[in-house]
Amino acid sequence: EARKRKEVLSLGYHGNVVDLWDIFSQGFGPFRWVCTSGDPQDLAVTDRLATSALEEIVAAGVTPAVKLQYVDNIRWIQEAAKHQLVVGSQARILYSDQKGRVAIAVAFNQAIARGELKAPVVLSRDHHDVSGTDSPFRETSNIYDGSAFCADMAVQNFVGDAFRGATWIALHNGGGVGW
């Protein structure tokens, strides 16, 4: 359905946000973790733990569409190290639903308690959340529901989260368009 509306909602070029609407509608959203130890070995451990957590969810039974997303996430994690996708922080990102995020977080917490991870793991979201990709240079700026005029929502969300006591806040700039 989202792909059918793409032409109406875009600025005349293809962007990835429209393609993500389908998984967003299933409850999947960006989920990032950062190994505060900075140790690549900790990232390898979190990759193993996250893969295992998602495989257990799939084995317990999910809808075909959700299974497809979990299988994509598992492959992404398993392939990431081979392709050296880490630049700077020892971090990983994928798209997960609440069940997956909770299972991964619990697995990380248990590993920290066992001493399997050297330091805490910070869990975060990404700029695709709560209109963080709004920008005059993104396909989100041409949506006809009135939100086209709120390209500053990422800043408003950042400030609001800070005042509400969030301990990890990331302000993303333009959703990857360099704006």
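If only residues of the range 89-101 that are over 12 Å from Ala50 (Cβ atoms) and part of a helix (DSSP H, G or I) are counted, the one that is nearest to the chain's Cα centre (by Cα) is Gln98.
A quick yes/no check of all residues on (1) touching a residue at least 40 places away in the same chain (Cβ under 8 Å); (2) of a type outside the set (A, V, I, L, M, F, W, C):
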site	(1), (2)
Cys35	yes, no
Glu56	yes, yes
Gly61	no, yes
Tyr70	no, yes
Asn73	no, yes
Leu94	yes, no
Gly115	no, yes
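Say we look at the range 95-110 and pick out the residues that are touching a Leu at 6+ places or on another chain (Cβ under 9 Å) and within 20 Å of Gly27 (Cα to Cα); which of these is surrounded by the fewest Cβ atoms within 10 Å (Cβ to Cβ)? Here the answer is Ala105.
Values in this text are rule-based calculations from the coordinates and carry no lab data. In this text the structure is predicted, and so the values were computed from the model without any measurement. Virtual Cβ from ideal backbone geometry, glycine too; neighbours counted across all protein chains shown.
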